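First up is the structure itself, then whatever we jot down about it.
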Amino acid sequence: LCTASQGMSIAVLGPTFPNLAANVRKNVSDIYYIFVGRSLGSLGGSVVGGVLFDCMNPHLLLALSMFGTTVGLYGIPWCTKSLLLTALMSVIGGAMGILDTGGNVLALNTWGAEAGPHMQALHFSFAVGAFVAPVLAKMALGGPEPKDLPVVEKTNQSVLATVQKALKQYFGADFLWSYVVIGTYLLFVSIFFFILCSKSISAREKAKASLQEGVLAKYHSALIALLFLFFFCYVGAEVTYGSYLFTYAKAFAEMEENEAAALNSVFWGAFAACRGVAIFCAACLYPGTMIVLSLIGSAVSSFCLAFFARYPMSLWVGTAVYGASMATVFPSGISWIEQYTVVQGKSASLFVIGAALGEMCIPALVGYLQGRFHRVPVVMYAALVTSIVTVLLFPLMYKLAQYPRESNLKEMRDIEHRKALLSNSGLTEDEE
């Protein structure tokens, strides 16, 4: 429920962005900073959430963050100032950062070593929410009334138009009621988590229990830093390809708008479908195996896209395979690292910060380079480079994770000391 609402809250901005600009009496190019505000809020929320999750009730923290998102979504329909809109987007981004950090840690604390399928389901629900939000926005926007329709369908169209007109009079714009619908959904989910607060143990007790059951890896800090870089490249590549694919299809592949939109839908459709299939695959495959398969698929597909995208079949198939390969990396990565070291709120916040920075920096860099080199398919080369970096990083992380843990080394030393003491005690073998 949490991640589905997170997906809806993030994805609803895209199709309603031009209308938001009109609502605050600005051009689309003049309010780009609302994305910056949301991203900065997400970074701040990730940092704050990582600290708070280790010292307060996790259900209470998630409930408060969802309630904050509800306030931001409810405020947007009446927002007519760009500065206020940016502030509300920052509030939503901060709450999303807390949800992203807390949701992953709560799943690990709840299911432990069996969190693989649940982690995949968690991120699949995000994809479902991201799919539902544009549908709600499209329903709110409506369209021209067809002329040649049966009487019943004309009646339905008239009823829908009447409802949209009433919503427009009440909310100020007909499309913005989708924000109210999503906000109401979030409000009910937050109430549900407030109820759970009285029946759950504190996050501090959870942290103590996890520390007693698991042990930090020998190179815990290095693993966290490498995974930070790993998610930086992965999420940056995912967002970059999804954001620039439509433009690439029109500029380089010379596609029509409908065909380019269909290609973009193939990428996100394969992405969401593979996340759904991964729920069942995670029950029989190790997280490391799923990561290796995903990295191989992304490397092969990005190579084909970088050098053979001029062929239509290679572009369509490569896009589908690339989207499917990118789907399971993030949830599988969190499940994988949990097998070797303890993942708490601060560690999870670093993962989310790395992902957020990648989402900000790599698309901006690709956009800048594409503006400088108009004839070079920068987005395809960026996909290839990031795939190579992740392919190189994972074996290094795996090697560091395989080193004996500190507790194992201590136990081995204790056994050797006992053997040495017994061998020097002069006792017979039976006495020993």
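Ligands, DNA and RNA are left out, and with a 1.4 angstrom probe the accessible area of the stretch 269-352 is 38 Å² per residue. Solvent-free Debye calculation, one equal scatterer per alpha-carbon of the stretch 47-86: log10 I(q)/I(0) at 0.14, 0.23, 0.25, 0.35 Å⁻¹ equals -0.44, -0.74, -0.79, -1.10. Here the stretch 216-404 has 70 percent of its accessible surface on carbon and sulfur atoms, given a 1.4 Å probe and all protein chains in place. Dividing the radius of gyration of the alpha carbons in the stretch 216-404 by their Kirkwood radius gives 0.99 for Rg/Rh.
Hull volume per residue, based on the alpha-carbon atoms of the stretch 319-401 and their convex hull, is 103 Å³.
At a 1.4 Å probe radius, which order do MET380, MET360 fall into by accessible area, largest first? Mind dumping the intermediate values first?
Numbers: MET380 0, MET360 65 Å².
So, going from the largest accessible area down, we get MET360, MET380.
For the stretch 284-291, the Karplus equation 6.51 cos²θ - 1.76 cosθ + 1.60, evaluated at θ = phi - 60°, returns couplings of 10, 10, 5, x, x, 5, 5, 5 Hz by residue, with Gly and Pro reported as x.
In a reduced charge model with +1 at each Lys and Arg Cβ and -1 at each Asp and Glu Cβ, the stretch 216-404 shows a dipole moment near 460 debye about its Cα centre.
The values are calculated or read from the model by the stated rules, or taken from the named source; none is laboratory data. As the structure is a computational prediction, the values presented were derived from the model and not from experiment. Quick reminder, even Gly has a Cβ in these numbers, built from the backbone with ideal geometry, and neighbours come from all protein chains shown. Quick note on the areas: whole protein, heavy atoms, side chains included, nothing else; ligands and nucleic acids left out. Shrake-Rupley method; radii C 1.70, N 1.55, O 1.52, S 1.80 Å.
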